[in-house]
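Student: Handing you a structure now.
Throughout, read-outs are computed from the coordinates displayed, never taken from laboratory work. A quick note: this is a predicted structure, and the numbers were derived from the prediction, not measured. Virtual Cβ from ideal backbone geometry, glycine too; neighbours counted across all protein chains shown.
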Amino acid sequence: MGSYIIKNQKVEVSDSLLIKGEKALVAKENIDKHTIIFLYEGTATTKRTRTSIQVAEDKHIEPGDFGAFANHSCNPNTQIVANYDEDNNVAEVLMLSIQPIAKGEEITFDYATTETEVTADLQNKTCLCGSKNCRGKITGFYSLTSQQKMDLLAKEITANYLQLKN
Ligand SMILES: [Zn+2]
């Protein structure tokens, strides 16, 4: 359970440009760097799903009908910043642009920056992000090579529970 505190009006759920037949978050207008795409607050659960976002070790939130459409990219244009309140078992999940996003562009984040693992139906699926630095398949952080983990950590967009030792 949860709700949106902010949902950027310049963003809509539309057809994915990366994955045929899938939906995505798409920019309706140009969006500046450091812009909030959404802020969602919800109750955390221990259940990982295809669309959940991890917010702490073994804690996940289900970001409703908007954030759930954010697809993965190995070269994402946003990052997720999650703040998990252990006492109340609620989390705030902020999606923030990390570069300017052009009108018509798909809004993505790197699943390995939040997810320690991904669901079985996603694990090792061919990545269709099309970026130069594409890792080739979709995985959580734990399945990356040491080099990939180091590269990702160096970008400083990873969740705080993801460390090289994982
Ligand atoms: Zn990729």
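Student: Please compute the net charge surrounding Cys129, taking Lys and Arg as +1 and Asp and Glu as -1 over other residues with Cβ under 14 Å from its Cβ. Present the calculation step by step, with values, prior to reporting the outcome.
Tutor: Details: positive: Lys20, Lys125, Lys132, Arg135, Lys137; negative: Glu22, Glu105, Glu106, Asp110.
So the environment of Cys129 carries a net charge of +1.
Student: On to the next question. Short version: ³J(HN,Hα) in whole Hz for each residue of the stretch 150-158, in order, from phi by Karplus 6.51 cos²θ - 1.76 cosθ + 1.60 (θ = phi - 60°), x for Gly and Pro, what are they?
Tutor: 4, 4, 5, 4, 5, 6, 6, 10, 8
Student: Could you sort out which of Lys47/Lys165; Lys33/Lys155; Lys7/Lys103; Lys137/Lys165; Lys7/Lys33; Lys20/Lys47 sit more than 19 Å apart by Cα distance in this structure?
Tutor: Pairs exceeding the cut-off: Lys47/Lys165; Lys137/Lys165; Lys20/Lys47.
Student: In whole angstrom, and with the biggest value first, how far do the Cα coordinates of the stretch 2-154 range along each principal axis?
Tutor: 40, 37, 30
Student: Another question, if that's okay. If amide H atoms are built 1.01 Å from N in the plane of the peptide, which residues on other chains or at least 5 residues away come under 5 Å of the amide H of Cys129?
Tutor: For Cys129, the qualifying residues are Cys74.
Student: OK, next. Over the chain, what is the percentage of antiparallel beta bridges among all DSSP beta bridges, to the nearest 5?
Tutor: Values: 34 of 36 bridges.
Once the DSSP bridges in the chain are tallied, antiparallel ones form about 95 percent.
Student: Okay, next question. Just to be sure I understand the model, the point goes 7 Å from the Cα along the line to the Cβ. What's the resulting Leu153 to Thr49 distance in nm?
Tutor: Calculated label separation equals 3.2 nm.
Student: Work out from phi, with θ = phi - 60° and the Karplus expression 6.51 cos²θ - 1.76 cosθ + 1.60, the ³J(HN,Hα) of each residue of the stretch 79-92, listed in order in whole Hz, and give x for Gly and Pro.
Tutor: Taking θ as phi minus 60°, the curve returns 10, 9, 10, 10, 10, 9, 9, 5, 4, 9, 6, 10, 9, 9 Hz for the stretch 79-92.
Student: Net charge near Gly2, counting Lys/Arg +1 and Asp/Glu -1 over other residues with Cβ under 11 Å of its Cβ? Kindly include the intermediate steps, with their values, before the conclusion.
Tutor: Values: positive: none; negative: Glu41, Glu62, Glu92.
Counting the neighbours of Gly2, the net charge comes to -3.
Student: Per DSSP helix of 4 or more residues, -39500 (n - 2.57); summed, then divided by the residues of the chain. What does that give at 222 nm, rounded to the nearest 500? Intermediate values should be presented prior to the final figure.
Tutor: Values: 2 runs with 13 residues, N = 166.
One gets -2000 deg cm²/dmol as the mean residue ellipticity at 222 nm.
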